[in-house]
Amino acid sequence: MQGWSDTPLTRDGIFEVRQSARGLSEVKFSAAYCSDLSRTKETTEIFLEENYHSRKLPITEMAEFREAFYGSFEGLDIAESWETIAHELGYKTAHEMREKATLADRMDGTKKADPRHDAEDFLTFWLRVEKGLLKLIDKHRDTGDHVLVVSHGNTIRNMLNGIVPELDVPTSLDNASISVVNYQNGQFHLESFNDTSHFR
């Protein structure tokens, strides 16, 4: 379980990020944001380094876009941790929990299952992420800007759910995948989700 653990990208992670970045090298970004954890900053740097138009773009780090905090589970085996959380929520297996529980239920269950109860529950997590999202919307809505936001799987899924309400996102995101949201006529529209077809 990673969460707020400030671990660097792995060699495979760097390879995937570079493939994704090369596929978007022609997109001219007006701004670049990332969480303040080193793996997202490194990812953003690679995206800009591979970009023909945005190499010198400053990166704005935002703590609001961190991954969920998993409390006592951080650094522990992911499969064992999800089994513990599943049992706390009354499911027989983590697989059953993933099929039936919402993302919010899983986060609330993580806090309950954490022996110290330090893990973020959904409301704490979402209020943090929403604060950052509102800053970006306020600054870039109606500008036509292409904005790069690099974050973490759980955070991205919840951001998308927050601005595209009809979207149901139970699945995990692939590493370095791209999801694109357009703002038109006062509404956010999902153009692509968990896309890796552009990898080069």
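Non-local amide H neighbours of TYR33 (under 5 Å, H modeled in plane, Pro and chain starts lacking H): which ones?
Sorted by chain and number, the residues that satisfy this are THR60, LEU148, VAL149, VAL150.
Among TYR91, GLY153, SER72, flag the residue with its Cα farthest along the positive direction of the charge dipole of the chain, charges on Cβ as +1 for Lys/Arg and -1 for Asp/Glu.
GLY153
Please work out, to two decimal places, the log10 of the ratio I(q)/I(0) at q = 0.12, 0.14, 0.19 Å⁻¹ from a Debye calculation in which every Cα of region 74-159 carries one identical scatterer.
Log-scaled intensity ratios, in q order: -0.46, -0.58, -0.88.
About the Cα centre, and with charges only on the beta carbon of Lys, Arg (+1) and Asp, Glu (-1), how big is the dipole of region 1-132? Nearest 20 debye, please.
Once rounded to the nearest 20, the dipole reads 420 debye.
When DSSP beta bridges are limited to those with both residues in the chain, what percentage is antiparallel, rounded to the nearest 5?
In the chain, approximately 45 percent of DSSP beta bridges are antiparallel ones.
When the helix-only estimate is applied to the chain (DSSP H runs of n ≥ 4, each -39,500 (n - 2.57), divided by the residue count), what is the mean residue ellipticity at 222 nm, nearest 500 deg cm²/dmol?
Using -39500 (n - 2.57) per qualifying helix, the result is -13000 deg cm²/dmol.
To the nearest 20 Debye, how big is the dipole of region 71-113 about its Cα centre, given +1 on the beta carbon of each Lys and Arg and -1 on that of each Asp and Glu?
Around 160 debye, computed over region 71-113.
Given N residues in the chain, what is Rg(Cα) / (2.2 N^0.38 Å)?
It is 1.04.
Please get the size of the charge dipole for region 94-153, origin at its Cα centre, with Cβ charges of +1 on Lys and Arg and -1 on Asp and Glu, quoted in debye to the nearest 20.
For region 94-153, the charge dipole is close to 100 debye.
What does region 71-113 give for Rg and for Dmax, in Å, if only its C-alpha atoms count?
Rg and Dmax of region 71-113, Cα atoms, are 9.3, 26 Å.
Can you list the residues, at least 5 places off or on another chain, whose amide H is less than 5 Å from the amide H of VAL181, using H built in the peptide plane?
Here GLU191 satisfy the definition.
Hey, what do the phi angles of region 79-92 turn into as Karplus ³J(HN,Hα) couplings, whole Hz, using 6.51/-1.76/1.60 and θ = phi - 60°, x for Gly and Pro?
With coefficients 6.51, -1.76 and 1.60, one gets 5, 5, 4, 5, 5, 4, 5, 4, 5, 4, 8, x, 9, 6 Hz.
Any read-out appearing in this document is the output of simple, stated calculations on the displayed coordinates, not a laboratory observation. These numbers were taken from a predicted model, which means no experiment stands behind them. Note: ideal-geometry Cβ built from the backbone for every residue, glycine included; neighbour counts use all protein chains shown.
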